[in-house]
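*Asks:* Here it is: the structure, laid out below.
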Amino acid sequence: MIDSHCHLDSAEFDEDRDAVIERAIAAGIEHMMAIGTGNGPPDLEAGLRLADQHPAFYATVGIHPHDAAKAKTEDFKRLADLLAHPRALAVGEIGLDYHYDFSPREAQKSVFIQQMEIAAGAKKPIVIHTREAWDDTLALIEQHWTPHAIGGIMHCFSGGPDEARRALDLGFYLSFGGIVTFPKALAVQEAATSTPRDRILIETDAPYLAPVPKRGKRNEPALMVHTARKLAELRGEPYDDLCRTTTENFGRLLLN
Ligand SMILES: [Zn+2]
Ligand SMILES: [Zn+2]
């Protein structure tokens, strides 16, 4: 399997990062996509540092909506340059977060749009973070991204069947994380059940959002097996099929 979204650069892994990577590989997680948002600009290499150190990692480069207010003109130039790295597969995570509003919404929108333009120029998919901002996120994608026909990932999908349908119609893959194992996440589970086989991905978002039965603990890629089991059960698919299709989907979107 491939963990399509994790933050193993996080300080929460400073004590035991090598052991976490070993446990992931032992659990069948052969690759992980290291999200490169780090502590925000000007440091844009958080993901690529891991990819340079360990063959199990692919990486993204991007400015998180939380950090939008920190972004300067030279950061966008640097971001575009870093996409030439052979293991930089996508731009992300980018988008809008109206739950925390750590950056003003106008700054979030502007930084999101600029990064979609950079991704289009590099012909790389985008990884979307959206929270309490579905309408604006989908509207900006429709206007600035869908015409390029490159596609992308809705990371840690947290919507219901309606948001799933709208995102799928815009050409996106839906990536499910630990939330899908939470007993009350019925709308997310319904979305996971109805996502077409060729559009589903799986992730941890480690160190966040650990799946049941480790909910509330630090998350790590090895725990993704719990999420995979739940997804297979919801979809009525054999576990091995779920693992294989998510890996094939990752390859089709990101490795060609
Ligand atoms: Zn996120
Ligand atoms: Zn993330």
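*Asks:* Would you check which residues across the stretch 139-180 are within 15 Å of ligand 2 (Cβ to nearest atom), in contact (Cβ under 8 Å) with a residue 60 or more places away in the chain and in contact with a Ser or Thr (Cβ under 9 Å, 6 or more places away or on another chain) and list them?
*Replies:* Answer for the stretch 139-180, where residues must be within 15 Å of ligand 2 (Cβ to nearest atom), in contact (Cβ under 8 Å) with a residue 60 or more places away in the chain and in contact with a Ser or Thr (Cβ under 9 Å, 6 or more places away or on another chain): ILE153, HIS155, CYS156, SER175, GLY177.
Rundown of residues vs (1) touching a residue at least 12 places away in the same chain (Cβ under 8 Å); (2) within 16 Å of ligand 1 (Cβ to nearest atom); (3) in contact with a Ser or Thr (Cβ under 8 Å, 6 or more places away or on another chain), yes/no style:
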{"residue": "GLU12", "(1), (2), (3)": "yes, yes, no"}
{"residue": "HIS31", "(1), (2), (3)": "yes, no, no"}
{"residue": "LEU48", "(1), (2), (3)": "yes, no, no"}
{"residue": "ALA56", "(1), (2), (3)": "yes, no, no"}
{"residue": "GLY62", "(1), (2), (3)": "yes, yes, yes"}
{"residue": "ASP67", "(1), (2), (3)": "yes, yes, yes"}
{"residue": "THR73", "(1), (2), (3)": "no, no, no"}
{"residue": "PHE76", "(1), (2), (3)": "yes, no, no"}
{"residue": "LEU82", "(1), (2), (3)": "yes, no, no"}
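*Asks:* Does ASP3 qualify as being closer than 25 Å to LYS217 by Cα, within 13 Å of ligand 2 (Cβ to nearest atom) and surrounded by 24 or more Cβ atoms within 10 Å (Cβ to Cβ)? Explain how you work it out, then say what you get.
*Replies:* Numbers: closer than 25 Å to LYS217 by Cα: yes; within 13 Å of ligand 2 (Cβ to nearest atom): yes; surrounded by 24 or more Cβ atoms within 10 Å (Cβ to Cβ): yes.
Yes; evaluated as a whole, the condition is true for this residue.
*Asks:* Count, please, the residues in the stretch 31-63 that happen to be open to solvent by 20 Å² or more (accessible area, probe 1.4 Å) and part of a loop (DSSP other than H, G, I, E, B).
*Replies:* Applying the first criterion (open to solvent by 20 Å² or more (accessible area, probe 1.4 Å)) to the stretch 31-63 yields 31, 38-39, 42-43, 45, 49, 52-55, 58.
In the following step, the residues that additionally are part of a loop (DSSP other than H, G, I, E, B) were identified as 38-39, 42-43, 45, 54-55.
Going through the stretch 31-63 one residue at a time, the tally reaches 7.
*Asks:* Residues being touching a strand residue (DSSP E or B) at 6+ places or on another chain (Cβ under 8 Å) and not hydrophobic (A, V, I, L, M, F, W, C): count how many of those fall in the stretch 69-102.
*Replies:* Step one: filter the stretch 69-102 for residues touching a strand residue (DSSP E or B) at 6+ places or on another chain (Cβ under 8 Å), giving 79, 82-83, 85, 87-100.
Pick out the ones that are also not hydrophobic (A, V, I, L, M, F, W, C) and you get 85, 87, 92-93, 95, 97-100.
Going through the stretch 69-102 one residue at a time, the tally reaches 9.
*Asks:* Would you check if ARG244 is more than 16 Å from ligand 1 (Cβ to nearest atom), assigned to a loop (DSSP other than H, G, I, E, B) and over 18 Å from the mean Cα position of the chain (by Cα)? Before the answer, list the steps.
*Replies:* Numbers: more than 16 Å from ligand 1 (Cβ to nearest atom): yes; assigned to a loop (DSSP other than H, G, I, E, B): no; over 18 Å from the mean Cα position of the chain (by Cα): yes.
The answer is no for ARG244.
*Asks:* To continue, here is another question. Can you tell me which residue is nearest to TYR58 (Cα to Cα) among those in the stretch 70-116 that are assigned to a helix (DSSP H, G or I) and small (Gly, Ala, Ser)? Walk me through it before giving the result.
*Replies:* Here is the first cut: in the stretch 70-116, the ones assigned to a helix (DSSP H, G or I) are 70, 73-82, 105-116.
Those left that are additionally small (Gly, Ala, Ser): 80, 107, 110.
Numbers: ALA80: 17, ALA107: 28, SER110: 27 Å.
My answer is ALA80.
*Asks:* Could we say that ILE128 is buried (at least 20 other Cβ atoms within 10 Å of the Cβ) and in contact (Cβ under 8 Å) with a residue 60 or more places away in the chain here? Reasoning before the result, please.
*Replies:* Numbers: buried (at least 20 other Cβ atoms within 10 Å of the Cβ): yes; in contact (Cβ under 8 Å) with a residue 60 or more places away in the chain: no.
Against the criterion (buried (at least 20 other Cβ atoms within 10 Å of the Cβ) and in contact (Cβ under 8 Å) with a residue 60 or more places away in the chain), ILE128 does not qualify.
*Asks:* Keeping to the stretch 186-213, report how many residues are surrounded by fewer than 19 Cβ atoms within 10 Å (Cβ to Cβ) and either part of a helix (DSSP H, G or I) or without any contact (Cβ under 8 Å) to a residue 24 or more places away in the chain (or both).
*Replies:* Going through the stretch 186-213, the residues surrounded by fewer than 19 Cβ atoms within 10 Å (Cβ to Cβ) turn out to be 186-187, 190, 193-194, 196-198, 207-208, 212-213.
With the extra rule that they be either part of a helix (DSSP H, G or I) or without any contact (Cβ under 8 Å) to a residue 24 or more places away in the chain (or both), the set shrinks to 186-187, 190, 193-194, 197-198, 213.
The qualifying residues number 8.
*Asks:* Since ALA84 meets every condition but one in (1) among the aliphatic types (A, V, I, L, M); (2) buried (at least 18 other Cβ atoms within 10 Å of the Cβ); (3) farther than 28 Å from GLY28 by Cα, which condition does it not meet?
*Replies:* (2)
*Asks:* May I ask you to list the residues in the stretch 143-162 that are more than 15 Å from ligand 1 (Cβ to nearest atom) and either assigned to a helix (DSSP H, G or I) or surrounded by 24 or more Cβ atoms within 10 Å (Cβ to Cβ) (or both)? Show your work before the answer.
*Replies:* First pass over the stretch 143-162, keeping only residues more than 15 Å from ligand 1 (Cβ to nearest atom): 143-151, 160-162.
Hits for the stretch 143-162 are GLN143, HIS144, TRP145, THR146, PRO147, HIS148, PRO161, ASP162.
The values are calculated or read from the model by the stated rules, or taken from the named source; none is laboratory data. Since the structure is predicted, the reported quantities are computational estimates derived from the model, not experimental observations. Glycine also receives a Cβ, built like all others from the backbone with ideal geometry; neighbour counts cover every protein chain displayed. All accessible areas refer to the heavy atoms of the entire protein, side chains included, with ligands and DNA or RNA removed. Shrake-Rupley method; radii C 1.70, N 1.55, O 1.52, S 1.80 Å.
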